[in-house]
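I have placed the structure first, in the form of structure tokens, so that the comments after it can refer back to it.
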Amino acid sequence: MLGLMQDRPLLISQMIEHAALNHADAEIVSRSVEGPIHRYTYKDCAVRCRRLANALTKLGTEQGDTIGTLAWNGYRHLELYFGVASMGSICHTLNPRLSQEQLVYIINHAEDKFFFTDLTFVPLLEAVADKLPTVKQFIIMTDRAHMPKTKLANVLCYEELLDAENDDYKWPLFDENTACSLCYTSGTTGNPKGVLFSHRSTTLHSYASCMPDALGLSSMDVMLPVVPMFHANAWGIPYAAAMCGTKLVMPGCAMDGESIYELMESEKVNLSAGVPTVWMMLLGYLKQNNKTFSTMKATIIGGSAVSRSMIETFRNDYGVDVLHAWGMTETSPLGTACRMKFKHKNLSNDELNSLNLKQGRAVYGVEMKIVDDKGEQLPWDGVKSGNLLVRGPWICSGYFKDEGGQVVDADGWMDTGDVANIDPDGFMQITDRSKDVIKSGGEWISSIDVENEAVGCKGIAEAAVIAIPDPKWDERPLVIAVKEAGSDVTMEQVIAHLAKTLAKWQLPDDVIFVEELPHGATGKLQKNILRETYKDYKPSVP
Ligand code: AMP
């Protein structure tokens, strides 16, 4: 027997209209690409989303069309998130840090019909426009006064488009499984693959994100997402924020420590989110300039493993809690969050910092398990690690246009490509990407563990650990590190530091110092490049 409850589809349009009605005066503050701080409310945002939908309809947009964006975190990008999806089209965000070839491939693969760009990326598009046959029109996200001289043909001005429209647009009702946004992931091999989110998956993901045991967003928060809107939908924060009327503070293109800090202070930000590399910049700025936070309470860190020293610095020096979270573009992205349980109430700061190194517990809606190479399930003992598999209503079931073949097994499990252990309390800890694990003498060495310890060594700013071939042990770890400015730390000191916590066989065979490490478009270390560079390296430790 079916229940007798209303079957209203879960649609993105409801989020922005809910915010407009129930949090009409909650603010969205953006550092605009043109320079000044822009300030308006959810109500204003909803009006402009409707104007945008009217404009796009006039231009010939139909349901199911993909609309590309190259844009920073800002109010106009937010309007595209809500406006494009709510009318039944697909908001396709692109990462401007990708190579030109990758951008061209992705835009053509997605068949973007219209393309919206911030001023910053006009030159990038000019360079490739003749290779983009599907794009009918480029819309530059600025006003008439700031419109650049451009070689792009078929150009429109965003503000002019919106000015010409009226405020009324009736959002259509359609199947909640309709696609709403598209984001390509770039693995280290093969072409980028598109993850196609639906209204339903995005809505459920947003509900789950708001739970106190997940990101815990509420109308009491002032959230500054540093994580870009072109990376996994800014971890779903724009949607979750609209659901609960959270004040949003958007940093635009000014991602340096000083600009982020200024915005945090002036807008009374208490919650933020980003990858470890951006926090390294912010913490560096605070230290060099003797600054403290007046309102910041917590920051969500994910995308790469966070080190103990970063957790300690945030908590012990600045009174800011780190919420370590794990996910992937394929998981919308939130999979786990490292929230304590009642039994952890009396943990010391030191114990808390240790537990925070784990990526945390599955958010309700996400199921996870770890399996060995034969697919046998492994126990949750916090020790045995294996391939991490997940399934749930906001986990991808296949890539756009069937690229990459079968993504889930017969029971719906998706292999994340991560290696992890899970403790009896359900806290998952990533020990590696499966391709980064160092297999030495039949034992596995977690490159993340060694990296975490290495950055705890005085004088080390950043470290990457990779496997180098070894005739006796198959593979041995090599540390490649960046020194802090002015430091004269040596290889011997780093190894002595690591020896305090790591077993002898886990210690690296060498430490190489470099000026900088290669990072990919989403801030992750590019270990494939390091592996290629150092494949013939002969370590100095006998
Ligand atoms: P992306 O789809 O670009 O967001 O990348 C997803 C991958 O980032 C995951 O499969 C992990 O390998 C890595 N990742 C995300 N969050 C974390 C985390 N908290 N700790 C370690 N690795 C992470």
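Derivation of every value follows stated rules applied to the coordinates shown; laboratory data play no part. Predicted model, so just to flag it, every value in this text is computed and none were measured. Virtual Cβ from ideal backbone geometry, glycine too; neighbours counted across all protein chains shown.
Between the amide H of Lys151 and any residue lying 5 or more places away or on another chain, no distance stays under 5 Å, with hydrogens modeled in the peptide plane. Positive end of the dipole of segment 362-433 (Cβ unit charges, origin at the Cα centre): among Gly412, Ile370, Trp394, the Cα lying farthest that way belongs to Trp394.
Could you run the Debye sum over the Cα atoms of segment 362-433, one equal point scatterer each and no solvent, and tell me log10 of I(q)/I(0) at q = 0.16, 0.19, 0.20 Å⁻¹, two decimals? The Debye formula, applied to the Cα set alone, gives -0.56, -0.76, -0.83.
Over segment 296-407, the pair-distance histogram of Cα-Cα distances with 10 Å bins from zero comes to 13, 36, 33, 14, 4, 0 percent, rounded to whole numbers. Average 1/r across all pairs of distinct alpha carbons in segment 438-533, invert it, and you get the Kirkwood radius: 13.5 Å.
Assuming charge only on the beta carbon of Lys and Arg (+1) and of Asp and Glu (-1), the dipole of segment 106-172 about its Cα centre is about 360 debye to the nearest 20.
Each of Asn349 and Val383 was given a label point 7 Å from its Cα along the Cα-to-Cβ line. The distance between the two points is 3.2 nm. Computed across segment 111-187, the Kirkwood hydrodynamic radius from all distinct Cα-Cα pairs reaches 14.7 Å. Taking 0.36 nm per residue of separation and subtracting the current Cα-Cα distance, fully stretching the chain between Gln137 and Leu4 would add 43.2 nm.
In terms of overall dimensions, the C-alpha atoms belonging to the chain reach 73, 63, 47 Å along their principal axes, ordered largest to smallest. Note on the chain: helix-only mean residue ellipticity at 222 nm, from DSSP H runs of 4+ residues weighted -39500 (n - 2.57) and normalised by residue number, equals -8000 deg cm²/dmol.
Taking θ as phi - 60° and the Karplus parameters 6.51, -1.76 and 1.60, the scalar couplings of segment 270-284 work out to 10, 9, 9, 7, x, 7, x, 4, 5, 6, 4, 5, 5, 5, x Hz in sequence order, x denoting glycine and proline.
For Gly417, the residues 5 or more places off, or on other chains, whose built amide H falls under 5 Å of its own are Leu388. Take the Cα radius of gyration of segment 476-519 and divide it by 2.2 N^0.38 Å, N being the number of residues; the result is 1.20. Karplus-derived 3J(HN,Hα) values for segment 76-89, using 6.51 cos²θ - 1.76 cosθ + 1.60 with θ = phi - 60°, are 5, 5, 4, 4, 5, 3, 7, x, 5, 5, 5, 7, x, 9 Hz; glycine and proline are entered as x.
Measuring nothing but how far apart in sequence close Cα pairs (under 8 Å, 6+ apart) lie, relative to its length, segment 438-533 scores a relative contact order of 27 percent.
In this structure, the amide hydrogen of Ala273, modeled 1.01 Å from its nitrogen in the peptide plane, lies closer than 5 angstrom to those of Leu224, Val226, Val227, Ile300, counting only residues at least 5 positions away or on a different chain.
Relative to the current alpha-carbon distance between Asp423 and Lys297, full extension at 0.36 nm per residue lengthens the span by 42.6 nm. Dipole size of the chain about its Cα centre, with +1 on Lys/Arg Cβ and -1 on Asp/Glu Cβ: approximately 400 debye, rounded to the nearest 20. 3J(HN,Hα) along segment 248-256: 10, 10, 9, x, x, 8, 8, 9, 6 Hz, from the Karplus curve 6.51 cos²θ - 1.76 cosθ + 1.60 with θ = phi - 60°, whole Hz, x for Gly and Pro.
Between the listed residues Leu334, Tyr318, Ala496, the Cα displaced farthest toward the positive end of the dipole of the chain, a dipole computed from Cβ unit charges relative to the Cα centre, is found at Tyr318.
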